[in-house]
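Written below as structure tokens is the structure these notes are about.
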2 protein chains.
Amino acid sequence: MPPRQHRKVSGKDVAEAAGVSRTTVSFVLNDRPNSAIPEETRRRVLTAAEALGYAPLPEARALKMGHSDVVLCLLPDWPITGPLGVLLESLSARLADSGLTMLAHQRRPDDDLSQVLGALTPTTIVAMCDLSEIEVSYAEARGISLVAFMGDVPGRPDLAGLRQSDIGRLQVAALVDRGHASVAYVLPHDRNLDWFSEPRLEGAREEAQRRNADLIEYRDVDNGGARLATWVISAARDRVTGICAYNDEVALSILMAAHGAGIAVPEDVSLIGVDDSCFTRMTRPPLSSVGFGLGVEVQRLAALITESGTEVRGSDEILQLQIRQSVQDLSATP
Amino acid sequence: MPPRQHRKVSGKDVAEAAGVSRTTVSFVLNDRPNSAIPEETRRRVLTAAEALGYAPLPEARALKMGHSDVVLCLLPDWPITGPLGVLLESLSARLADSGLTMLAHQRRPDDDLSQVLGALTPTTIVAMCDLSEIEVSYAEARGISLVAFMGDVPGRPDLAGLRQSDIGRLQVAALVDRGHASVAYVLPHDRNLDWFSEPRLEGAREEAQRRNADLIEYRDVDNGGARLATWVISAARDRVTGICAYNDEVALSILMAAHGAGIAVPEDVSLIGVDDSCFTRMTRPPLSSVGFGLGVEVQRLAALITESGTEVRGSDEILQLQIRQSVQDLSATP
DNA sequence: CTGTTAGCGCCTTCAA
DNA sequence: TTGAAGGCGCTAACAG
């Protein structure tokens with residue numbers, strides 16, 4: 001255990017302890033390729049640094065070098081949940097492999113970029129939320145590179161290969177493929193989710209039209225499920241045989257409402273959600289869902305950040321359709 | 001919109017543009033109390049700074065001042081979910097009110113504190129994960145104050161008023177209060193969750209003993225629910241009338257297993273989870289749960305960080321028992 | 001092979 | 001009321 005001391009230990013202290021100059025310390029610690037430094041000296045510096053518990057001050061280093069090795073993830077101001085949490089975790093790990101440190105900041109509704117950038121200067125910002133044009137130029141002026149990832153940023157293409165609209169498309173396709181000619185799309189009312197829900201619905205509409213299927217929409221999801229139950233009954237009467245839910249929570253809500261209403265899943269109506277949440281396997285019947293193969297996605301994003309590549313892949317390789325017992329294949333019964 | 005430029009704009013540039021010295025710029029921008037600066041000059045500096053899009057470089061400032069205004073939240077390496085996400089969000093907001101910027105970093109299984117601290121030097125670290133003794137002294141040596149919050153940190157009391165054991169205690173108490181004399185505690189196998197699950201179980205054991213109730217434990221939660229279903233049946237036969245689940249997901253799993261096994265909730269067996277997840281209101285019957293009133297908790301933590309207070313409150317004010325229809329009051333039937 | 005030196009952008013004491 | 005100067009800790013070109 002290094003001795004506790006109040007004054008912070010600087011490179012100068014190490015130099016003195018090792019009996020060399022600060023330059024030498026810097027060279028040794030940064031492993032200069034021009035390592036014409038005798039092994040003996042090297043070791044003396046190293047042990048001195050170790051003994052004192054020395055580590056270079058990141059601020060000073062960044063000041064000198066003109067850039068830090070921090071990647072800032074800007075998150076929207078609603079609670080992090082589901083796949084996003086996983087994505088953050090693995091992106092962080094990937095970047096760490098390249099010597100980059102990922103830090104996340106949740107922005108508040110009304111504060112702008114300058115707040116965070118007043119606290120540190122990242123090398124790159126991964127915007128997972130919308131950014132204004134002013135904020136973009138603010139970042140640009142500071143030489144920070146900007147990457148849009150599931151957020152709207154003026155002048156930057158969204159690098160997420162994952163298109164929200166493809167989710168809705170895939171849900172509808174999964175049902176139509178299995179012989180469902182009339183399907184419904186159920187989404188919650190929360191305006192915060194518009195960024196996700198509108199494109200999904202739009203994709204569902206397009207796919208339904210393309211496949212000549214009927215699509216009806218329903219937005220009145222209540223917690224108790226009372227209104228939902230009556231809706232499910234009427235939908236079933238209207239020959240709706242498949243329901244796409246905005247996400248697995250909504251799907252669960254529908255599942256329970258159907259239970260209570262005497263509508264059997266999947267015999268009377270099939271059901272498919274989004275997120276492939278952990279509880280999808282815990283319901284009866286197990287919920288079908290559209291999951292995310294984020295491994296590839298994260299790897300790509302990390303590569304993009306570290307090497308500034310540009311290749312963008314499509315959703316097809318990311319979305320993972322998980323058909324479980326909540327979906328019935330109507331075309332399989334001759 | 002400020003003009004785009006490649007070279008970063010420094011205080012010197014502002015000084016030149018305004019035709020004053022750098023000192024004056026610094027004085028104006030930092031609003032020195034000794035403001036003997038003529039209004040005319042003040043305005044010239046301010047407009048120049050605005051026009052150039054100037055903002056002080058945080059690294060340089062931190063270097064000079066000897067401290068940053070960053071609070072670093074160290075998160076465990078599993079995906080963020082549920083209440084933790086909410087806590088982060090509101091803590092961030094609170095700290096921002098005090099001019100502090102909260103950044104979150106998810107640590108990897110094998111990297112230690114020095115990795116992150118090689119990228120920035122926060123004023124305070126909020127440890128929501130376990131820290132080793134070496135890491136503690138590492139932070140101390142750098143003058144970083146350390147706060148343990150739902151994580152084990154040598155030499156630091158856990159400042160979370162929320163004790164995990166109180167959760168288990170409360171679950172059992174909720175059932176015993178309602179006339180259940182024999183209860184079960186069901187938890188998953190995941191070792192990652194030990195930090196949470198073991199204390200909860202322990203609390204449950206203590207409460208059961210104190211109240212003279214039987215407590216049986218079950219850890220074999222499978223996804224399909226097959227084993228769980230047979231267990232539920234045997235538990236019901238053994239006169240278990242109430243089940244506490246480690247969290248709401250497990251509770252859902254149990255609920256569905258019971259459904260399938262012909263065990264009625266709450267008529268045959270009552271059920272209570274933890275987290276008060278959003279889907280608790282979407283099940284049939286709606287799940288009872290122990291939720292978290294994190295508003296108070298966050299406010300306290302923020303105050304602790306900004307003012308270094310020490311007062312610690314207990315779980316009672318934080319845990320919120322939500323009894324819904326999944327719990328039956330046996331003592332109410334005379 | 002190693003030490004001297006300059007300067008990154010910022011703040012603040014001290015003179016003028 | 002403003003300018004000059006020093007130094008925070010670090011790196012790297014440039015001597016020696």
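If we sort A:52-59, A:77-84 on the protection proxy, mean other Cβ atoms within 10 Å, highest first, what's the order? Spell out each step's value before the answer.
Working: A:52-59: 20.5, A:77-84: 18.6.
Top of the packing list down: A:52-59, A:77-84.
What residue among B:Leu294, B:Leu319, B:Leu29 shows peak mean-square fluctuation when chain B is described by a Gaussian network model with Cα springs under 10 Å?
B:Leu29
So, with +1 on the Cβ of K and R and -1 on the Cβ of D and E, and no other charges, what is the size of the charge dipole of chain A about its Cα centre, to the nearest 20 debye?
Values: 33 positive and 45 negative charges, 222 e Å.
It comes to approximately 1060 debye.
Would you mind estimating how fast region B:70-159 diffuses translationally, via Stokes-Einstein at 37 °C and 0.692 mPa s with the Kirkwood radius over Cα pairs, in µm²/s?
Working: Rh = 13.2 Å.
Here the translational diffusion coefficient equals 248 µm²/s.
Quick check on the protein assembly as shown: of the DSSP beta bridges with both residues there, what percent are antiparallel, nearest 5%?
Values: 11 of 71 bridges.
Antiparallel bridges: around 15 percent, rounded to the nearest 5.
What shape does chain B have by the C-alpha gyration tensor, where a ≥ b ≥ c are the square roots of the eigenvalues, rounded means a/c under 1.5, and otherwise prolate means a/b greater than b/c and oblate the rest?
On the way: a/c = 3.01, a/b = 2.75, b/c = 1.10.
It comes out prolate by the Cα gyration axes.
For helix B:83-97, what angle does its Cα long axis make with the longest principal axis of chain B, in degrees from 0 to 90 and rounded to 10?
30
Which whole number gives the average, over all residues in A:121-128, of C-beta atoms from other chains lying within 10 Å of the residue C-beta? If you can, show how the numbers build up before the last one.
Numbers: counts 7, 2, 0, 0, 0, 0, 0, 0.
Per residue, the number of nearby Cβ atoms from other chains is 1 on average.
Ordered shortest first, which distances in nm separate the 7 Å Cα→C-beta label point of B:Leu46 from those of the other copies?
For B:Leu46, the other copies' label points sit at 5.7 nm, shortest first.
Round to the nearest 10 and report in Å² the accessible area of A:His189, as given by a 1.4 Å probe over the protein chains' heavy atoms.
Around 130 Å² of this residue is reachable by solvent.
Check which residues have an amide H placed less than 5 Å from B:Asp152's amide H, if you skip close sequence neighbours.
B:Asp130, B:Leu131
Considering only protein heavy atoms and a 1.4 Å probe, what is the carbon-and-sulfur percentage of the accessible area of region B:70-159? Walk me through the intermediate numbers first.
Details: 1620 of 2980 Å².
Carbon and sulfur: 54 percent of the exposed surface of region B:70-159.
Testing the spin-label approximation: label points 7 Å from Cα along Cα→Cβ at B:Glu198 and B:His67. State their distance in nm.
For B:Glu198 paired with B:His67, the spin-label model returns 3.5 nm.
I want to check the label-to-label distance for B:Thr230 and A:Thr230. Put each point 7 Å from Cα in the C-beta direction and report it in nm to one decimal.
Roughly 4.5 nm, to one decimal.
Could you tell me the total accessible area buried at the B-A interface, probe 1.4 Å, in square angstrom to the nearest hundred?
On the way: alone 17970 and 17970 Å², together 30220 Å².
Separately minus together, B and A give about 5700 Å² buried.
List the residues whose amide H sits under 5 Å from the amide H of B:Ser288, counting only those 5 or more places along or on another chain, with H placed 1.01 Å from N in the peptide plane.
B:Gly273, B:Arg324, B:Ser326, B:Val327
Hey, in the GNM for chain B with a 10 angstrom Cα cutoff, which one of B:Ile37, B:Ile318, B:Ile134 fluctuates hardest?
B:Ile37
Assign unit charges at the C-beta atoms only (+1 for Lys and Arg, -1 for Asp and Glu), then state the dipole size of region A:70-159 relative to its Cα centre in Debye, rounded to the nearest 20.
Values: 5 positive and 12 negative charges, 60 e Å.
Using Cβ point charges on Lys, Arg, Asp and Glu, region A:70-159 gives about 280 debye.
What average number of partner chain Cβ atoms lie no more than 10 Å from the Cβ of the residues making up B:77-85? Show your work: numbers first, answer last.
Working: counts 3, 3, 12, 10, 7, 4, 1, 3, 9.
Other-chain Cβ atoms within 10 Å of each residue's Cβ, averaged: 6.
Which whole number gives the average, over all residues in B:275-282, of C-beta atoms from other chains lying within 10 Å of the residue C-beta? Intermediate results must be reported in sequence, preceding the final value.
Numbers: counts 0, 0, 2, 6, 10, 1, 6, 15.
That works out to 5 on average.
From the P(r) of region A:11-56, could you give the percentage of C-alpha pairs in the tail past 13 Å?
Working: 442 of 1035 pairs.
Taking all Cα-Cα pairs of region A:11-56, the fraction more than 13 Å apart is 43 percent.
Got a number for the accessible area of B:Phe27? Probe 1.4 Å, square angstrom, nearest 10.
90
How tilted is helix A:39-52 with respect to the longest principal axis of chain A? Cα atoms for both, answer in degrees (0 to 90, nearest 10).
60
Pop out the ³J(HN,Hα) list for region A:222-235 in order, Karplus 6.51 cos²θ - 1.76 cosθ + 1.60 with θ = phi - 60°, rounded to Hz; leave Gly and Pro as x.
9, 5, x, x, 5, 4, 4, 4, 5, 5, 4, 4, 5, 5
Between B:Ala36 and A:Ala51, what's the calculated FRET efficiency when r is the beta-carbon distance and R0 is 45 Å? Round to 0.05. Show your work: numbers first, answer last.
Values: r = 50 Å, r/R0 = 1.10.
For R0 = 45 Å, the calculated efficiency reads 0.35.
Name the residues whose placed amide hydrogens come within less than 5 Å of the amide hydrogen of A:Ile216, ignoring near sequence neighbours (fewer than 5 apart) on the same chain.
Under 5 Å from the amide H of A:Ile216 lie the amide H atoms of A:Val183, A:Ala184, A:Tyr185, each far enough along the sequence or on another chain.
Rounded to two decimals, what ratio of Rg to Rh does region B:162-235 give with C-alpha atoms and a Kirkwood Rh? It would help to have the intermediate numbers written out before the result.
Working: Rg = 12.7 Å, Rh = 12.8 Å.
Rounded to two decimals, Rg/Rh equals 0.99.
Stretched out fully, how many nm does the piece from B:Asp238 to B:Gln325 gain, at 0.36 nm a residue minus the Cα gap?
Values: separation 87, 0.36 × 87 = 31.32 nm, distance 2.27 nm.
Length gained, B:Asp238 through B:Gln325: 29.0 nm.
Where the eigenvalues come from the Cα gyration tensor of the protein assembly as shown, what are the semi-axes √(5λ) of the equivalent ellipsoid, largest first, in whole Å?
Gyration-tensor ellipsoid for the protein assembly as shown: 50, 33, 23 Å.
In whole angstrom, how far apart do the alpha carbon centroids of region B:60-125 and region A:57-101 sit?
After rounding, the separation between the Cα centres reads 11 Å.
Could you work out [θ]222 nm for chain B from helices alone, using -39500 (n - 2.57) per DSSP H run of at least four and dividing by all its residues? Round to the nearest 500 deg cm²/dmol. List each step's numbers first, then the result.
Details: 12 runs with 139 residues, N = 334.
One gets -13000 deg cm²/dmol as the mean residue ellipticity at 222 nm.
Could you order A:Val176, B:Val290 so the one with the most accessible surface comes first? Probe is 1.4 Å. Write out the running numbers ahead of the final one.
Numbers: A:Val176 25, B:Val290 0 Å².
In descending accessible area the options line up as A:Val176, B:Val290.
At a probe radius of 1.4 Å, what is the per-residue accessible area of A:Ile125, in Å² to the nearest 10?
Roll a 1.4 Å probe over it and A:Ile125 shows about 0 Å².
Identify, among A:Thr47, A:Pro79, A:Leu117, the residue whose Cα sits farthest towards the positive end of the charge dipole of region A:33-117, taking +1 on the Cβ of Lys and Arg and -1 on the Cβ of Asp and Glu, with the dipole about the Cα centre.
Result: A:Thr47, furthest along the dipole toward the positive end.
The values are calculated or read from the model by the stated rules, or taken from the named source; none is laboratory data. Quick caveat: nothing in here was measured; it's all calculated off a predicted structure. Quick reminder, even Gly has a Cβ in these numbers, built from the backbone with ideal geometry, and neighbours come from all protein chains shown. Surface accessibility is based on the protein's heavy atoms, side chains included, excluding ligands, DNA and RNA. Shrake-Rupley method; radii C 1.70, N 1.55, O 1.52, S 1.80 Å.
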